[in-house]
1. Please state the charge dipole magnitude for the chain, taken about the Cα centre, from unit charges on C-beta atoms (+1 on K and R, -1 on D and E), reported in debye and rounded to the nearest 20.
2. Excluding ligands, DNA and RNA, what is the solvent-accessible area per residue of the range 67-110 at a probe of 1.4 Å, expressed in Å²?
3. Quantify, in whole percent, the carbon and sulfur part of the accessible surface of the range 7-130 (1.4 Å probe; protein heavy atoms only).
4. If you average the sequence gap of Cα pairs under 8 Å that are 6 or more apart and divide by the length of the range 50-174, what percent do you get for the contact order?
5. What does the charge dipole of the range 1-143 about its Cα centre add up to, to the nearest 20 debye, if the Cβ of each Lys and Arg holds +1 and the Cβ of each Asp and Glu holds -1?
6. So for PHE36, PHE256, what's the accessible-area order with a 1.4 Å probe, most first?
7. Which of ALA167, MET198, ALA301 sits farthest toward the positive end of the charge dipole of the chain, with +1 on the Cβ of Lys and Arg and -1 on the Cβ of Asp and Glu?
8. Would you list SER35, SER262 from the most to the least accessible area, probe 1.4 Å?
Amino acid sequence: MIQEYFTIGQEVTLLDGSYDFGLVALSLTIAIFASFMAFNVATQAAVSTNKFRKYTLLSAGSIAMGGGIWAMHFLGMLAFELCTAVSYDVGITLASALPGIAAAWVALYLMTKPTISFTEILTGGVLVGSGIGTMHYSGMAAMEMSPLLRYSPSLFILSIVVAVCLAMLALWIKFGLSAVGIKKSSLGRDALIASIVMGLAIAGMHYTGMLAARFVMPPGMEFTSQPSEISIYLALSIAMVTVTLIALVLGITLLFKYKDVSSRAIESERIQRAITDIAVDAIITVDSTGIIKTANPAVTAVTGYSPEELIGQQGKILAP
């Protein structure tokens, strides 16, 4: 049954399509943007010591990147204009997002590791590239149209190879630049470079896969044109939903980052207070208006006041 998708008769009529390059550019932008945000989430997850928080971040980042892969695919599909009406099976279309999310999870999980081996890069690249490819071709299977969908075997294989190789390169960039002596101050660029490469992996796989596609016109087929406005409106809707999803993931990341900063500040204050409390010298702090904010136990021996009696009073109670 699978073989029939790679079998093209000798005397058949193939339909040619064209691309809306504005939508092509939008699809590539979405892929890079989603990868960039997801990689930043992975960076945050890598420094998290709380396992629940780490896997929550990885899950959110995987959904954002997987959603970006899915959105890139369908934006690319909408950018392709055939001279016939095309619709999509809703169930298959939604299910096709799952391999993309799984591929994103693998990529982000590997990026939380402090180091990575060549075997892990190779295995990760194969898994990520295969996930992107599965997402693409299952999404293609959701197409409902009069022409028959067939594939060129060589280009089909090439599309998977493109995804795997670029995914491996993106994973290497995360770890490889520091290994070859890139300065620490420049490592912030790694996420951007890796995101561009991963975006190219997603888009490269898609458009190579589209190049592999053959739309065979059955005998007696009648053409029905699809209005281009529908594709544009649908593409903008997909882009807006994807950007909103990524913004939600960014919000989760910032919330966790704020909690981490707050926790460190509280811990620092606790340590400082412990040091102050055991000091043998009297230590008092006042604010800009002269109100006493803190006082350690040693002030009692020096001033005769307890810390509780001093806190909240004007400093002039001690020095008129």
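1. Working: 17 positive and 19 negative charges, 224 e Å.
Using Cβ point charges on Lys, Arg, Asp and Glu, the chain gives about 1080 debye.
2. Heavy-atom SASA per residue in the range 67-110 reads 33 Å².
3. The C+S portion of the solvent-accessible surface of the range 7-130 is 67 percent.
4. About 32 percent, as a whole number.
5. The calculation lands at about 980 debye.
6. Details: PHE36 65, PHE256 25 Å².
Result, largest first: PHE36, PHE256.
7. Selected residue: ALA301.
8. Working: SER35 0, SER262 35 Å².
Sorted by accessible area, descending: SER262, SER35.
The values are calculated or read from the model by the stated rules, or taken from the named source; none is laboratory data. Since this is a predicted model, take the numbers as computed values, not measurements. Here Cβ is always computed from backbone atoms with ideal geometry, including for glycine, and neighbour counts include all displayed protein chains. The accessibility values were calculated without ligands, DNA or RNA, using every heavy atom of the protein model including side chains. Shrake-Rupley method; radii C 1.70, N 1.55, O 1.52, S 1.80 Å.
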